[in-house]
Amino acid sequence: DRDYIGFATLPDQVHRKSVKRGFDFTLMVVGESGLGKSTLINSLFLEDLYKTRRIPDVSERIQKTTTIERKTMEIEERGVKLRLTIIDTPGFGDAVNCEDSWRVCINYIDEQFRQYFTDESGLNRRNIQDNRVHCCLYFVPPWGHSLRHMDLELMKRLHHKVNIVVVIAKADTLTTTEVAKLKKNILNDIRENHIQMYEFPECDSDEDEEFKQQDRELKASVPFAVVGSNTTLEIAGKKIRGRQYPWGVVDVENPKHSDFIKLRTMLISTHMQDLKDVTEDVHYENFRAQCISQISQ
Ligand code: GDP
Ligand code: MG
């Protein structure tokens, strides 16, 4: 079904009360310049939105990113309202000093927490717009052996503030064996350096077998190897989003070619509410506790 992107399942993930109000969700993309961040975001959300809805305008499409860019779209699917915000960050490598572009990301996250904290203590507590960053897609280049020192350093600055979901960029440049090896090395590095990635919750035992299987496959795919494309190709009369090479076509949505669909399903139809919950209960709670201890000092 190509007419919807899947967040209409959100009410299944949460209480009915929130349905009328609508959902806020903010996704940040982080990683070196040129890794395909903007392209992936277009592939994940915008292309589908262009087909069925007029907002946002094509001219607003994400171009080369030099400062933090915030795009918000309000979309409705089967009566469910979602206010989706994408934070596209300047890749490091664009700035002379990595620290500068890192600070932009970190400050942005803190600033949203601070705003929420202020709103929460204000008079209009019921109608707070939630701009907190609920998920950070961290792009790792496909050409290294694992995480680099700077990836680890940045992750250490981010992991107590935001849900980090690691993705291997441009996975179409790697063989199946290379993908498997890189995934293993990345997971090792993450473990050895005590980086706290977003942890998928345990699957409820009363879920059906199909769902459990899907959940196992999802967890086994981390970190997701992704491919993005802004090009629509016609293959055997079928329109697909893909990348054309002299030797063949990479179909972004083919699960044999990449984990793109797993990532999208996870973000949009199965784990969006959990990402919001962890943001509220863990990351924001950390921030609040810090604020309160500063005030009382
Ligand atoms: P950003 O700087 O991280 O936002 O990267 P862009 O999205 O601007 O992409 C940089 C270049 O990489 C462009 O030429 C894209 O066409 C190309 N690109 C994007 N995604 C992929 C991918 O999944 N695989 C390959 N091979 N190239 C990609
Ligand atoms: Mg970009």
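Values as computed for the structure displayed
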| item | result |
| --- | --- |
| Residues satisfying the stated conditions in the stretch 29-60, i.e. modelled with pLDDT under 50 and closer than 24 Å to ASP259 by Cβ | LEU49, TYR50, LYS51 |
| Complete set of residues in the stretch 117-152 that are over 22 Å from ALA289 (Cβ atoms), in contact with a strand residue (DSSP E or B) (Cβ under 8 Å, 6 or more places away or on another chain) and basic (Lys, Arg) | none |
| Residue tally, condition buried (at least 21 other Cβ atoms within 10 Å of the Cβ) and part of a loop (DSSP other than H, G, I, E, B), over the stretch 137-187 | 6 |
| Flag if VAL222 is under 28 Å from ASN131 (Cα atoms), β-branched (Val, Ile, Thr), out of contact with any Ser or Thr (no Cβ under 7 Å at 6 or more places or on another chain) and more than 16 Å from ligand 2 (Cβ to nearest atom) | yes |
| Residue satisfying all of: in the stretch 6-28; in a loop (DSSP other than H, G, I, E, B) and modelled with pLDDT of 70 or more; nearest to the chain's Cα centre (by Cα) among these | GLY6 |
| Of all residues making up the stretch 123-136, the number that are exposed (fewer than 13 other Cβ atoms within 10 Å of the Cβ) and among the charged types (D, E, K, R) | 2 |
| Exclusive hit being more than 13 Å from ligand 1 (Cβ to nearest atom) and either within 20 Å of ALA180 (Cβ to Cβ) or surrounded by fewer than 19 Cβ atoms within 10 Å (Cβ to Cβ) (or both), set ILE268, ILE235 | ILE235 |
| Segments classed as helices (runs of 4 or more DSSP H), wholly inside the stretch 231-297, with at least 2 members that are of a type in the set (A, V, I, L, M, F, W, C) and within 30 Å of THR175 (Cβ to Cβ) | 260-264 |
| Options ARG132, ARG114, ARG126; residue that is among the basic types (Lys, Arg) and in a loop (DSSP other than H, G, I, E, B) | ARG132 |
| Check on GLY93, within 13 Å of ligand 1 (Cβ to nearest atom), farther than 20 Å from LYS262 by Cα, surrounded by fewer than 20 Cβ atoms within 10 Å (Cβ to Cβ) and modelled with pLDDT of 90 or more | no |
| Close pairs (8 angstrom Cβ cut-off, 6 or more residues apart or separate chains): under 12 Å from VAL30 (Cα atoms) in the stretch 139-160, polar (S, T, N, Q) anywhere | MET155/ASN193 |
| Cβ-Cβ under 7 Å pairs, at least 6 apart or on other chains, the stretch 162-176 side under 29 Å from TYR284 (Cα atoms), far side within 10 Å of ligand 1 (Cβ to nearest atom) and in a strand (DSSP E or B) | VAL167/PHE139; ILE168/ALA225; ALA169/GLY31; ALA169/PHE139 |
| First in the stretch 62-90 and away from ligand 1 (no atom under 15 Å from the Cβ) and at pLDDT below 85, second anywhere and charged (D, E, K, R) and outside any strand (DSSP E or B), Cβ under 7 Å, 6 or more apart | ILE75/ARG53 |
| VAL227 vs. criteria in contact with a helix residue (DSSP H, G or I) (Cβ under 7 Å, 6 or more places away or on another chain), in a loop (DSSP other than H, G, I, E, B), surrounded by 12 or more Cβ atoms within 10 Å (Cβ to Cβ) and of a type in the set (Val, Ile, Thr) | yes |
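The values are calculated or read from the model by the stated rules, or taken from the named source; none is laboratory data. Please read these numbers as outputs of a predicted model, since none were measured by experiment. Cβ coordinates were reconstructed from backbone atoms using ideal geometry, including for glycine residues, and neighbour counts include every protein chain displayed.
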